[in-house]
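One structure below.
What follows draws every value from the coordinates through simple rules; no lab data is involved. Being a predicted model, the structure only gives us computed values, none of them experimental. Here the Cβ positions follow ideal geometry from the backbone for every residue, glycine too, while neighbour counts run over all protein chains shown.
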Amino acid sequence: MLIGIDASRAEAKLKTGVERYSFEIIRALRASLPLNAEVVLYSREPLPKELGPWNDKWQNKVLNWPLKYGWTAIRLSWEMWRRAPGVLFVPGYRLPFPAPKKSVVTIHDASFLEYPELYEPSDRSRQNNTLLDTCKRASAVIVPSEYTKTQLATMKPMSIAVIPLGVRLPVPLLNQGEGRVRSGGKDQSSYFIFIGRVDKKKNLEVAIDGFAKFLTTHPGYKFMIVGRPSFGFDDIKDHVYKSGVADKIEFMGPLSDEKMFALLKNATALVHPCPVEGFGLPVIEAMSLGVPVIVADNGAASEAAGDAALQVRPTDSEKWSQAMDQATFDIFRTPLIEKGLERSKHFTWPRAAEATWKVLIK
């Protein structure tokens, strides 16, 4: 059986959620290739050694395309027209046209269906059209959480499989000192951290207000915000400046995995106020590093965290302040760290790959 995989998203140098998922799931699939399967990876450029050609059953086919846009819609579609595999797996969620009758697509998030006001109108329209097409043509859909599966109910895809994401930490991680944040010439190791795309749906304003209240009794802390700016970023920056604690909040932008994990490893706690997303991978990554987690008490991240995190109502800044306070005391930190380490063991890429293979060769 020949299985084609769209590996274009795995090529990104700085990986956000979808790109990281694409890289890690392909890497894990490669390590567990069934005897009766042959795989061809479609990409714009030759893939790195971790993903690329391994033997005659795992090959990389480079589909050259000179333009920034149109690779999926035109170049991959042309390949499907000429030499379609028996099964196509798209870790992104946009199918080429045409696509094989058996096509499996991962849909990471469908929150725009429930909270359209949190998305830029053009982005919302694009996502809606893509999702409608995907659910109509895909033979199976993979989602990372029960929360996302519920959101897709109205789209009526042929088949839905819930397969949670995994965690793989860089080895070795940067050492403790390199992970700390230097500010004004001083070593600042007392800080909270947020990781993710910095946009309107992340609910950062409530966390910022909670942090401002927290600072009245803990003035030595900082709040590091790591991620690529997106829709609503200017409003978030304005909110920071109006909060009166702008000197305590730093926008770090996107970081490499090594730098991001090192910064996370040394944080007092991960602050994850977003109730609107498909999974919440930073939550599990923090737990795997022994970092306490404060998370919104509804949505996919809450589902992933379970009882191993401090769960807070997403609209209550006072409760966020109280949770940050708790995260500074060992009486609360120790059980959170222990529970988090144990819970993170259930989220592995080999487990995700095993479940994905069952969908692909079903």
Handout entry: Highest to lowest packing among 286-297, 13-24, scored as the average C-beta count within 10 Å
Key = 286-297, 13-24
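Restricting attention to the stretch 278-362, which chymotrypsin sites (Phe, Trp or Tyr not before Pro) occupy a DSSP loop and are surrounded by at most 16 other Cβ atoms within 10 Å?
In loop regions of the stretch 278-362 (DSSP not H, G, I, E or B), the sparsely surrounded chymotrypsin sites (Phe, Trp or Tyr not before Pro) are Phe329.
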Problem - Average projected area [Cα convex hull, the stretch 200-262], square nanometres - result: 4.5
Fill in the blank from the handout: Site Asn298, offset 7 angstrom along Cα→Cβ, radius 16 Å on amide nitrogen, limited to the stretch 313-339, gives 313-317
Completion exercise
Nearest-0.05 FRET efficiency for Phe251 and Val162 at R0 = 25 Å, using Cβ-Cβ distance, is 0.15
Practice task
Multiply the residue gap between Glu318 and Arg351 by 0.36 nm, knock off their C-alpha separation, and tell me the result in nm, one decimal place.
Solution key: 8.0 nm
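State the antiparallel share, in %, of DSSP beta bridges confined to the chain, rounding to the nearest 5.
Here the antiparallel bridges make up roughly 10 percent for the chain.
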Handout entry: Cα-projected label distance for Asn64 with Lys358, points at 7 Å along beta-carbon direction, nm
Key = 4.3
Handout entry: Cα-Cα P(r), the stretch 176-344, percent of pairs per 10 Å interval
Key = 11, 43, 39, 6, 0
Handout entry: Computed E for Asp234/Ala73 - FRET, C-beta separation, R0 45 angstrom, nearest 0.05
Key = 0.90
Completion exercise
Summing +1 per Lys or Arg and -1 per Asp or Glu among the other residues with Cβ less than 12 Å from Ala353's Cβ gives +3
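Before anything else, pin down the relative contact order of the stretch 176-344: Cα pairs under 8 Å, at least 6 apart, normalised by residue count, whole percent.
25
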Exercise for the section: Find how many whole Å separate the alpha carbon centroid of the stretch 1-52 from the alpha carbon centroid of the stretch 246-278. Expected result: 27
Exercise for the section: Principal axes first, then extents: for the Cα atoms of the stretch 22-154, list largest minus smallest coordinate on each axis, whole Å, largest first. Expected result: 47, 34, 27
Fill in the blank from the handout: Given the candidates Ala207, Val143, Met1, the one whose Cα lies deepest towards the positive end of the charge dipole of the chain, counting +1 at each Lys or Arg C-beta and -1 at each Asp or Glu C-beta, is Met1
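Report the full-extension gain for the segment Trp54 to Lys101: residue separation times 0.36 nm, less the Cα-Cα distance, to one decimal in nm.
14.2 nm
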